[in-house]
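The values are calculated or read from the model by the stated rules, or taken from the named source; none is laboratory data. Values in this document were obtained by computation on a predicted structure and should not be read as measured data. All Cβ positions, glycine included, derive from the backbone under ideal geometry; neighbour counts span all protein chains shown. Side chains are part of the model used for accessible areas, which takes the heavy atoms of the whole protein and leaves out ligands, DNA and RNA. Shrake-Rupley method; radii C 1.70, N 1.55, O 1.52, S 1.80 Å.
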Amino acid sequence: MQARWLAYMWVGLRPAPSIETMREGVSTARARRDGPRDVPMHALATLFAAHAGVEPRPAAWPALERALWFGPLSPASFRLIGPDAEPDAPKRTIEAARSFNAIMEDALTSEETARLKAVAVTPEVRAA
């Protein structure tokens, strides 16, 4: 995802961050050298995907909502939108979630709906 974001910037598909933003990022990274370094992989993947404009947004894909919220972050889920979107990405996203036994049906369960409400995921936030 990081390489994809950089490639999109280099060819002009995505704007580069401002100099101030880059300096802040470097300062934050340097400050972390002596602190905790364990940033979850999925957090970095979604961060870079957001910068690249390819973050999988569940609200934009109602048929994939359960797979995107509760399934694995599969490579196909990052090919739903953007310059490198692939027509079979929705199907492969569902297949990945099912292959990991993360979901077996498409509809959200009552427990999953409660989890989304518990973290205040409103339709407006989910669409953002």
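Summary of values
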read-out: Helix 89-99 vs. the chain, principal-axis angle (Cα, 0 to 90°, nearest 10); value: 70 degrees
read-out: Structure-based [θ]222 nm, the chain - -39500 (n - 2.57) summed over DSSP H runs of at least 4, per residue, nearest 500; value: -15000 deg cm²/dmol
read-out: Accessible area per residue, Å², the chain with all protein chains present, probe 1.4 Å; value: 67 Å²
read-out: Around Ile103: net Lys/Arg minus Asp/Glu count, Cβ-Cβ under 12 Å; value: -3
read-out: Rg [Å, one decimal], Dmax [Å, integer] - the chain, C-alpha atoms; value: 16.6, 46
read-out: Proximal charge balance of Ala45 [Cβ under 12 Å; K/R count +1, D/E count -1]; value: 0
read-out: Between helix 19-32 and the chain: long-axis angle, C-alpha atoms, 0 to 90°, nearest 10; value: 80 degrees
read-out: Charge dipole (the chain, unit charges on Cβ, about Cα centre) - positive-most of Leu44, Ala96, Gly71; value: Leu44
read-out: Whole-percent carbon and sulfur share, accessible surface of the chain, 1.4 Å; value: 59 percent
read-out: At 1.002 mPa s and 20 °C, Stokes D of the stretch 48-101 from Kirkwood alpha-carbon radius, µm² per second; value: 197 µm²/s
read-out: Evaluated over the stretch 3-52, the Cα radius of gyration and Dmax, each in Å; value: 12.5, 35
